[in-house]
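Read-outs throughout are calculated quantities, based only on the coordinates presented, and are distinct from any laboratory measurement. Keep in mind it's a predicted model, so treat the numbers as computed, not measured. A quick note on method: Cβ atoms are made from the backbone with ideal geometry, for glycine too, and the neighbour counts reach across all protein chains shown.
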Amino acid sequence: MNAVDASEHYATGANEPAPSLLTIVLDTNPHAWALLEETLPLSKAVANILVFINAHLACNYANEVAVVASHSQQAAWLYPSHGQQAKISTDADGDIVMNGGLEDGSSSRSAAQANKYRPFRVVEEQVTRNLEQLLATTSASDVSATTSTMMAGALTLALSHINRQTLAWAEAHGAAKLDASTATSAELVPGGTGSGTSASGNSATGLQSRILIISVSSSTDSAHQYIPIMNAIFACQRLHVPIDVCKLSGDAVFLQQASDATKGVYMSLTEPRGLLQYLMMAFLPDQRSRRHLVLPARVDVDFRAACFCHRRVVDVGFVCSICLSIFCEPPENGDCLTCGTHLELGDYGAKPAVVARKKKKKKARTNGTPGAGTPTPVATPGR
Ligand SMILES: [Zn+2]
Ligand SMILES: [Zn+2]
């Protein structure tokens, strides 16, 4: 009897779902939030996000959360506060001093805080304090200097935190360490990305991480960050970290590609006031739950890229055959600006020739479809 009980206990222990790490990248671009002021002020959005974070933490006692602000001139940690620990008064054991919270709040507020579940309170305090600090240190010249947001930097911070937490979790849980190390070594092999077996094996035992981007900026301003953003996307793809995107305003070319490439959820909110509802319904389930759910599908992904020469978003461009750099026009002397390879351009008037050839192809195709007998169902009623 005892043996049976023990094995059952062991079995349930082994099947216990691994915790998940949710990293939220909050776009705090002042320009974009100023436009949203009437429908959804930043303070309300932060309140909604904090409720969502609490829901995530409540799903599993071991769940973790991290919040990064993608501001106009820098990317900064909102939670956990890295490098700012010295400012919090700590005792000899490194614990936060009990009356530390009294300084920034009234006594009635701190009395209400005392009854709060500690992880909720810690996240709320740190996020609001760090966000206040970030906004207070933003000068007028910072705001006027740029209208974009540091999305690439924020994604990089999120990725490095995920990497560190994954390693720490694997180290703390000796049994999972072996699985995690074999899984990562398999993933490091370039051909190993397509293998779904290592991914499922890893996610069953290791720390599950995902990134949620709450985006408000429009993509046209972030075209100069195209290359670092794409690198972060590819890193997420390799590590099987889905990037979820919650788009409150504007259009986001690269973020659509991010969620598409990493199999994340992309939602563009028609009504930003319902932010909490969207967060709870679409973004709360972790990867394990998502296998059993019908996720909001995104059909029209904008796959446009930005050219490497001017950081312009282009529909049609020139691609270096060696390093795959994208250019909006043939580079000077035919030398690739990235790798320096001399490219045989043939006819230098290639640009109009390409356009002309494309038109011919289209004509040939439309002429060919009725004759082929199997036209696409969409094309026939259109004619
Ligand atoms: Zn260009
Ligand atoms: Zn090249």
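At a glance:
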| item | result |
| --- | --- |
| For 266, 278, order by how many other beta-carbon atoms lie within 10 Å, fewest first | 278, 266 |
| Inter-label distance for residue 284 and residue 44, nm, one decimal - labels placed 7 Å from Cα along Cα-to-Cβ | 2.1 |
| Quarter of Cα convex hull surface for the stretch 304-351, i.e. mean projection, nm² | 3.1 |
| Ranked list, fewest to most other Cβ atoms within 10 Å of each Cβ, for 243, 326, 53 | 326, 53, 243 |
| Cα pair distances of the stretch 216-311 binned at 5 Å [whole percent] | 3, 13, 22, 23, 20, 12, 5, 2, 0 |
| Modelled FRET efficiency - R0 22 Å, residue 144 with residue 311, Cβ distances, 0.05 increments | 0.60 |
| Over the stretch 229-281 - Rg/Rh using Cα atoms and the Kirkwood inverse-distance radius | 1.02 |
| Ranking of 300, 251, 286 by count of other Cβ atoms within 10 Å, fewest first | 300, 251, 286 |
